[in-house]
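The values are calculated or read from the model by the stated rules, or taken from the named source; none is laboratory data. All values derive from a computational prediction rather than experimental measurement. Glycine gets a Cβ as well: all are built from the backbone with ideal geometry, and neighbour counts include every protein chain shown.
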Amino acid sequence: MTANIEIATRKVVSPRIRETRTNIDFVEHIDTTTSDDPDGRWVFVADHLDPHKSEEWVRYVAAAFTSEQDLHDKLLAFIDYFNAVLAKPCRWTYPGEPVAA
């Protein structure tokens, strides 16, 4: 899954659930996200697309869901729940002053 977090609301937006998570997938995600407001000011921070795969994690996920569609549906349901219940507006505390070296 590739998704964005809207900083002001901390809501998950534009989730893309795909079989792969490659550089091409990421570029497509950015293109789709920015197409709604091509003149907007966008900032993206990425985690270098490392899916942190391990055999144990793959087994856990395979046992937890009945199918890829089940996984997809439950991810989207959790995002809906998160956005409705857990996402809270960000309160900025940084005064904007440079940190002394």
Failed item, numbered, when Thr33 is tested on (1) loosely packed, with under 11 Cβ neighbours inside 10 Å; (2) not in a loop (DSSP other than H, G, I, E, B)
(1)
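Assigned to a loop (DSSP other than H, G, I, E, B), at pLDDT below 85 and of a type outside the set (Asp, Glu): is that true of Ala62 in this structure? Step through it out loud before you land on a result.
Working: assigned to a loop (DSSP other than H, G, I, E, B): no; at pLDDT below 85: yes; of a type outside the set (Asp, Glu): yes.
Considered against the rule, which asks whether it is assigned to a loop (DSSP other than H, G, I, E, B), at pLDDT below 85 and of a type outside the set (Asp, Glu), Ala62 comes out as no.
Hey, does region 42-50 have a residue that's of a type in the set (Phe, Trp, Tyr) and surrounded by 13 or more Cβ atoms within 10 Å (Cβ to Cβ)? Explain how you work it out, then say what you get.
We begin by selecting, within region 42-50, every residue of a type in the set (Phe, Trp, Tyr); these are 42, 44.
Then drop every residue that is not surrounded by 13 or more Cβ atoms within 10 Å (Cβ to Cβ), which leaves none.
No, region 42-50 has no match at all.
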Which pairs turn up if I take residues in region 70-88 that are surrounded by 13 or more Cβ atoms within 10 Å (Cβ to Cβ) and look for partners that are part of a helix (DSSP H, G or I) and not hydroxyl-bearing (Ser, Thr, Tyr) with beta carbon separation below 6 Å, at least 6 apart in sequence or on another chain?
none
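Could you list, in sequence order, all residues of region 6-30 that are among the aliphatic types (A, V, I, L, M), surrounded by fewer than 15 Cβ atoms within 10 Å (Cβ to Cβ) and assigned to a strand (DSSP E or B)?
Taking region 6-30 as the starting set, the residues that turn out to be among the aliphatic types (A, V, I, L, M) are 7-8, 12-13, 17, 24, 27, 30.
If we keep only those that are surrounded by fewer than 15 Cβ atoms within 10 Å (Cβ to Cβ) as well, we get 7-8, 13, 24, 27.
The one that is among the aliphatic types (A, V, I, L, M), surrounded by fewer than 15 Cβ atoms within 10 Å (Cβ to Cβ) and assigned to a strand (DSSP E or B): Val13.
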Near pairs, Cβ below 9 angstrom, 6+ apart or cross-chain, from region 7-36 (closer than 27 Å to Val58 by Cα and at pLDDT 85 or above) to any residue that is charged (D, E, K, R) and part of a strand (DSSP E or B):
Val12/Glu6; Val13/Glu6; Asp25/Arg16; Glu28/Arg16; His29/Arg16
All positions within region 6-24 that are among the β-branched types (Val, Ile, Thr) and within 21 Å of Asp73 (Cβ to Cβ)
Val12, Val13, Ile17, Thr20
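Considering only residues that are of a type in the set (Asp, Glu) and closer than 20 Å to Val13 by Cα, which ones fall in region 71-99?
Start the filter on region 71-99 by keeping residues that are of a type in the set (Asp, Glu), which leaves 73, 80, 97.
Listed by number, the residues that qualify are Asp73, Asp80.
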